[in-house]
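K.L.:
Can you keep this structure in mind? I'll have questions shortly.
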Amino acid sequence: MRLPFPALALLAILLAMPARADDLAGAQRLWLAGQKTQAVQQVEQALARTPDDLQLRFALGVMRMELGDRAQALALFTRLTQDFPDLADPYNNLAVLHAAAGELDEAKAALDQALRLQPGHAQAQENLGDVLTRLALRAYQRAQKAALVPSDALAAKISRTLALTTDLNKPR
């Protein structure tokens, strides 16, 4: 029996899916076992076979981010936002990278885009709150520097916001 082209293409996609799932599951097992380099290698090998795979690319971005490889993670998530502009998660992760580097305006822009795409994205909402708190601190500190006369009210705002941002940076 000969299948029409669309059915063949669908069959090829379905047959390829378990391999990708196996690659991701294997990489996750390696990662959780502390074999992070091997996990990255497994995802990279799978991507060599299927370079456009969204899940593999996203997983590699997360791994690079967790390993502190900011440049690689930034490149991966930036490319994902270009290739899949309707997905919120790459924008959210891009924002995390920007915020960690102190690039608060860029982080806010990425989170705003994530939330335009998916208003109920809980993690992006939380991350936006964190970024806005840090932006508030920055604004208060700039106001304090520009003030001609010291302000007790402004000093109190800085103190409370600084305490909050310090609490935000504690490991959860």
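The values are calculated or read from the model by the stated rules, or taken from the named source; none is laboratory data. Remember, it's a predicted structure, so these values are computed and weren't measured experimentally. In this analysis, Cβ positions are derived from the backbone assuming ideal geometry, glycine residues included, and neighbour counts consider all displayed protein chains.
Residue by residue, here is whether (1) under 24 Å from Arg29 (Cβ atoms); (2) part of a helix (DSSP H, G or I) holds:
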{"position": "Leu47", "(1), (2)": "yes, yes"}
{"position": "Gln55", "(1), (2)": "yes, yes"}
{"position": "Leu60", "(1), (2)": "yes, yes"}
{"position": "Met65", "(1), (2)": "yes, yes"}
{"position": "His98", "(1), (2)": "no, yes"}
{"position": "Gln113", "(1), (2)": "no, yes"}
{"position": "Gly120", "(1), (2)": "no, no"}
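K.L.:
Scan segment 128-135 and give yes if some residue there is outside any helix (DSSP H, G or I) and surrounded by fewer than 16 Cβ atoms within 10 Å (Cβ to Cβ), otherwise no.
P.N.:
Checked against the condition, which is being outside any helix (DSSP H, G or I) and surrounded by fewer than 16 Cβ atoms within 10 Å (Cβ to Cβ), segment 128-135 yields no hits at all.
K.L.:
Return the total of residues in segment 136-148 being of a type in the set (Lys, Arg) and either not in a helix (DSSP H, G or I) or not assigned by TED's automatic domain parsing to the domain that holds Leu162 (or both).
P.N.:
First, pick out the residues of segment 136-148 that are of a type in the set (Lys, Arg): 138, 142, 145.
Next, only the ones that are either not in a helix (DSSP H, G or I) or not assigned by TED's automatic domain parsing to the domain that holds Leu162 (or both) stay: none.
Counting residues in segment 136-148 that are of a type in the set (Lys, Arg) and either not in a helix (DSSP H, G or I) or not assigned by TED's automatic domain parsing to the domain that holds Leu162 (or both) gives 0.
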